Every structure is written in C-alpha cells, then in structure tokens.
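What follows is one structure encoded as structure tokens, with my remarks underneath.
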Amino acid sequence: MLKRRTPSHCSALSFLALLCPVLALAAPGSPPSSSLPLPPDASALLAFKSKADLNDVLRFSPNTSFLFCEWQGVLCAQGRAVRLVLEGLDLGGELAPNSLTRLDQLRVLSLQNDSLAGPIPDLSGLVNLKTLFLGYNAFTGSFPPSIFSLHRVRTLDLSHNGFTGPLPSWLAELDRLYYLRLDDNRFNGSIPPLNQSSLQTFNVSGNNLTGAIPVTPVLARFKISSYSWNPGLCGQIINKECNPGPPFFGASSTGASGAPPAPAAALGQSAEVHGVNQTQQGQKKHKRTAVILGFSSGVAVLVCSLMCFAVAVKKQREQSRLAASPMMASDDAAAAEAAVVMQIEQNELEEKVKRVQGMQVTAKSGSLVFCAGEAQLYSLEQLMRASAELLGRGTMGTTYKAVLDSRLIVTVKRMDAGKMAGTSREAFERHMESVGGLRHPNLVPLRSFFQAREERLLIYDYQPNGSLFSLIHGSKSARAKPLHWTSCLKIAEDVAQGLSYIHQAWRLVHGNLKSSNVLLGPDFEACIVDYCLSVLIAPATPPDADDPDLAAYAAPESRDPSHQPTNKSDVYAYGTLLLELLTSRPPSQHPWQMPGDAMGWVRSTREDDGGGGGDDRLAMLLEIAMACRARSPEQRPTMWQVLKMLQEIKEAVLDDSELDPAQGTVC
C-alpha cells in the first residue's frame, strides 16, 4: 500500500508548492512524470555537470531534479540556488557557456582545486554574485571581461591558473572589491592603480607583470610578498629602481635625429601618471601663438591700473586681496599715493582695466599649456581675471592664491625672470611638460603653465591648510607647541614618500626642499611643492648669509657655485627638515655638529611637549636625521633607505599597539 506524503513534506519545497498534489501520489523514490519541466536552476546545474564532471563525481540526476536543493554543495533560499561550493573534487572538465551563468540568484560560487580547464565563459548572467573562487584549476585565456558587469562582486580569486594577457584597467572601478588574488598565472603588462578603500587582501605575485607599481594609498598597504616573482615590476612600493628613462632636460636629451625625445609623462592621457601603463603614442604638440602683440606696453598699462585699483578696493573693503591680474604686477611704492588721487575716478578706472585685460588675453590665450591628461577647466582669460592675494615670496618667485570666476581656487607661481634668464622657451616648456607628469599623493600637482617673453607662471592645486613652516613655528604672535612624535613620524613619512618618488621613478631632483615648500592638503597630508625647478636656474652664488635658515638647508658641497643639486643634497635638506620637525627650532639654530648627548638637546627643545613621551621613537627619528646630514654625500642614505627606516619605525609602533590613529594625523 502506498504511503501518502503529508502536506508538511511539500512545505519544504516552496518553489514547487503547486506540484504538491502530484508528488503526494508518487511512491517514495519514484521519478516524477517525464512530462514535467525541470526547474531552471536544476537544468543549469545539470548542464554544468555534463561538461565539467568528466569523472562522474557529482550525483546530479534528472530523476532527483526537483530535490536539487539537496544536491551536493548546493544551498537554496526560497527555492533558488544562492550558493554553490564544489571544491577539491577533481572534476576534470570545463566550465561550459550558458550553464551556471543561468543561476541569477547565486551569491557564492566556489570551484577551487577542481582541475577545470579552458576559458571562462560569459559570467554576466550572475547578476547577484558576490564571491567567486576559481583558484587552483587550469583555466586559460584572458582576464574574464564579463566580471566588469558583476557590480556586487567583493571576493575574486583566479589564482593558480593559466590566465594570460594584461590586467584590465577597470579593476580599479570595482568599488566593492574586498579580496583579489591573481597570483601564479601568466598575466603581463602593468598593475592598474587600484585604490578601493575596501580592498583588504591583494596578491599578484608569480606573474609576468612589468613597470612601476602605482603609488596609491591602498596598493602601498600591502607587503612586498604581494608583488614578488614579477621580475619586471619596480617602484617605490617594492624598493626596486625602475629603469631610467631618457633625460628630461639639457643637451643630452636629444635623440639620434637631433630632436628631443618625448618624456613618458608627456605622452598623453594613456600614460597613467603613477608610473604604469605608459603606452607609446605620438608626441603631443601644443599649438602656440607665434607673436604676442603689444605685450610690453600692455603690461605696463595694466600694472599701473591694477595697482591703483587694488589699493583703492583695499581701502574701501579693508581686505588684502589683489584684483584682476596681480601676477603681472611689480612692487611700486608710488602706487599707494596715486591711489588716493585715482579713488574718485574708480568707476572709470575699472572700465579701463577691463579694456586692457581684454587686449592682453586675446594676445596670449594660446600660450596656457595644460599638462598631459589634465582637463582644461579654465582659460587664460579666466586666470587673468581672477581675484588673488599674495601668499609669499621665495627663492624661485612669488606665489599667489587666485580665485577664478568659476569659484575654482588655484595657486599661481610667478617665476623670477632674472633667475631664469638663461633658460630658453623650448627648454622651459620641455622640462615643465615632464614635471607636469609627476603625480603622487605627496606632491602638489602641477596642472598648467604659461610663458610669454619673460613671464613664466606655474599653476598648482591650492592647498587649504598652509605650510609645514607655519605648523611648526606658529604665527608671529604665538609660537606653536612642538608636534607630537606621532605627527612628526607621519609628516616625515609623507615627505619621504614624495621625495622617493621623484628620485627613484623619475630620476629628478627637488633642489629646494624646506619647510615652507611642504604644504598641508585637505586631510593634513604633507605635500611637496616647488619640486624640480632648480635645474632651470643657472648656477649662482652660495646661499645668502642674510638668510641663515636657507643656508642651513644647503648641503656642504652646495657651497660651490658650480654645484648642481643632486639626490644626496636633497637628502641633506630632508635631514635638516626632520630636525626642524623634532625641535620646532629654525635650521639656523641647529648645531653644525651634533652634541654628544644629541637626544638631550632634542629633549631640551621639547620642554613644553606636554608629556608626549615616545623618547625611543624620537631617538630613532633623530638618528635618521643625523644620518641624512652626514658631511660626505657618500655617507648619506638614499631616500628609499630613509623611507624604509621610517616604515620600520611605524610597523614597530603598530606591533606594540602604541600608535593611536587619532594621534597619527596632524589636526
């Protein structure tokens, strides 16, 4: 006598609730009528088995298809397969197209160590997939392009297979990515600039990847083992020099044809500026206007008008803002007196300024050059019309904050024409195109530049939190307290990161490192500015004794007027800056030869440290500073070695659980 199934048996198969009457009449173990269609997920699993399970390991069968949720490795929710885990089964076949990809509710798919081969089919049907483990198989072909459509994927493991070809740049766009393993394949090309803050596991070792590893905060988090066994990889993250490229500036930079070679940074938008994927493109030529009409006379009129107008506005609004184009203005003591007379004619004067500006902009609008890959967010006309204020004067020129009519704020540096008299127009442009390709989190990016006759302007991003000099020394009315040692460590590492990138990846030299040339970005990260400009200035006399702080930054060998800045003179300046950080004392007050009790001297300068502690960490930082300030260049470490020492200190702090993240930021 047949035993009838109760309704409770059917309730477990909610997806097939409508079929309960049919099943209730069937004897246990008897197959359902062949006329009934297979559930879609069961059909997909059977199609997978037909091609993948050559050794007949899986007990998937059409006779039990209505119980597919009980099949090996299958987990269902509301009658749909949401998880398929078949690991270490030595299936031996291939992943057929239009099989598992029909499981549109699948969240987890793991086929690790199953001896599957062949290419990966289109996976775009797995719209809900979050986890994909395909490691330890024999898959071949290129990186599966359909993964780009899996917007919910967080875990991706393609390791230990035979994949070839480049890694797609769109990997950086998978913004939910948490786990990425691509190790032990045959991928080539460069590493995309991954910077997803969610990424916690990453490994591309054992491939054929080449080029400089992009310096992003996320990629810099991972250890060297994540990049090992890729002989062609180089860069700051793995402490390996990249092959030097052609010189960026000077007579030696001409090729066989006599024309200067195109630097990698100027190859256009496909040259990713973090040192990766620099594909060969034709050299990009910037069109220039051949003649700048009426430049000298126009500037003279504009200077006089603007100075008068600026002083008048300052008197009325009690603001220190310059109007229109202060970058073209020069100091004129008589302008203040003239402003009193001109104030009553202010409306007429304003109209005159606008007319002169219009003439000037028309003549020069073709000479604003945007660096490779930069969007043209403003015109020369907008730049000349910007309201601006003086930020300071330095050894290279005068710096202004300019607010454009689009509310964009930029920093404009007007180079000292006298110091650049020996630099030709072509040499300046070639060098600035190279410098404009430098992109690093700890460098203030150069966005564009302009030159016309003796005028040369550099346009950078504006940094809102001032300079390191101001942070260390405070205002004129109040002296700042010494920075906590964790802040010193963070700033020292930031600056070392930027300098290392300049030295190692680009073979350039800063040449003018000092605390006023280190700015604080939006997140109080330390960013270097005025880098790589010293090469444009002809050798001059040693640093002026009237500026003892500037002289203290100069390495001993720099006192020779014919000496050009080198990496090692940058290292010396870095050591001086580090001492300035630790002591809050200007460089002119640093002893030339450190006393026997150097740590005692540093401690005495931090008497108002507020009990910050960390003497052992301070001592480590002091040792680095003293090594950088060695009298002989050969005895100084490289910036790579300095960075490694700083990172070792940081790791020791983290291992000891002594570093509070809140203390590690400059706030």
query = Expressed as a rounded percentage, what relative contact order does the range 40-238 have, with Cα pairs under 8 Å and six or more residues apart?
reply = 12 percent
Neighbour net charge for Gln564 - beta-carbon separation under 15 angstrom, K R +1, D E -1 = +1
note = Checked against a 25 Å limit on the C-alpha separation, the offending pairs among Lys481/Lys644; Lys240/Lys413; Lys401/Lys650; Lys240/Lys490 are Lys481/Lys644; Lys240/Lys413; Lys401/Lys650
query = Once a ≥ b ≥ c are taken as the square roots of the eigenvalues of the Cα gyration tensor of the range 40-238, is the result rounded (a/c under 1.5), prolate (a/b larger than b/c) or oblate (a/b not larger than b/c)?
reply = prolate
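Here, each number is a calculation from the coordinates, and none is a lab measurement. Because the structure is a prediction, the values reported are computed rather than measured. Here Cβ is always computed from backbone atoms with ideal geometry, including for glycine, and neighbour counts include all displayed protein chains.
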